[in-house]
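Have a look at the structure below before the remarks.
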Amino acid sequence: MKQKSERTEPKAQAGPQVQLVRSPRRRRTYKWSLVDGLVRLEVPTGLKASDEARIVAEVAERARRRLARAERIGDDVLLARARALARRHLPRALSRLRSVAWSDRQERRWGSCSADTGAIRLSGRLHGLPDYVLEAVLVHELAHLLEPNHSARFHALASAYPLAERARGFLEAVDRNLLATSDDRAGEVD
């Protein structure tokens with residue numbers, strides 16, 4: 001079996017760094033993921049240089065847009081969004097909510113809640129995932145303000161968000177490396 005070859009593209013002026021992996025397993029598609037600001041791009045081995053350059057530029061631009069979108073969401077925006085979700089789905093949790101913040105220390109959890117302080121922390125891994133996934137995690141943590149365990153009563157509260165089940169499936173796929181991020185869809189190579 002042939003080895004994958006890797007190289008890192010020089011950092012573009014306004015875009016993220018791209019780690020290019022030529023994979024003998026890929027025949028017609030490319031795949032990319034964004035991890036810690038670095039784009040990992042897998043392309044078929046033997047791809048024409050012009051196609052490779054076009055794909056690198058296209059993926060770098062998509063990643064730049066995703067990073068810019070993720071950077072716009074600050075803790076104050078998260079708190080406002082959590083309050084709006086509480087008003088809509090779990091009104092009793094609104095009075096207990098005190099803060100919402102990103103956390104880079106949560107490597108295995110998507111979120112956590114301290115019911116006694118009203119503090120919710122969300123994993124930085126949620127950056128760039130679809131809005132409905134972020135909102136489902138927020139509603140899940142808001143439900144913990146009312147029910148600090150995973151009882152049937154808790155699950156009934158957390159399911160108040162209409163896309164909760166869909167988001168749970170999406171996060172399971174991410175956890176199992178079936179899907180690293182929302183833009184990891186394989187792309188066709190001409």
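Derivation of every value follows stated rules applied to the coordinates shown; laboratory data play no part. Quick caveat, the model's predicted, so the values are computed rather than measured. Positions of Cβ are generated from backbone atoms using ideal geometry, with glycine treated the same way; all protein chains shown enter the neighbour counts.
Numerical summary
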item	result
Approximate spin-label separation residue 17-residue 92, in nm, with each point projected 7 Å along Cα-to-Cβ	5.0
Cα-based radius of gyration of region 51-106 once divided by 2.2 N^0.38 Å, which approximates compact folds	1.72
Local electrostatic count, residue 144, Cβ distance below 14 Å [Lys/Arg +1, Asp/Glu -1]	+3
Cα gyration tensor shape of region 70-166, rounded if a/c is under 1.5, else prolate or oblate by comparing a/b with b/c	rounded
Label-point separation in nm, residue 99 to residue 177, each point 7 Å along Cα→Cβ	3.5
Gyration tensor (alpha-carbon) shape descriptor, region 117-162, a/c threshold 1.5	oblate
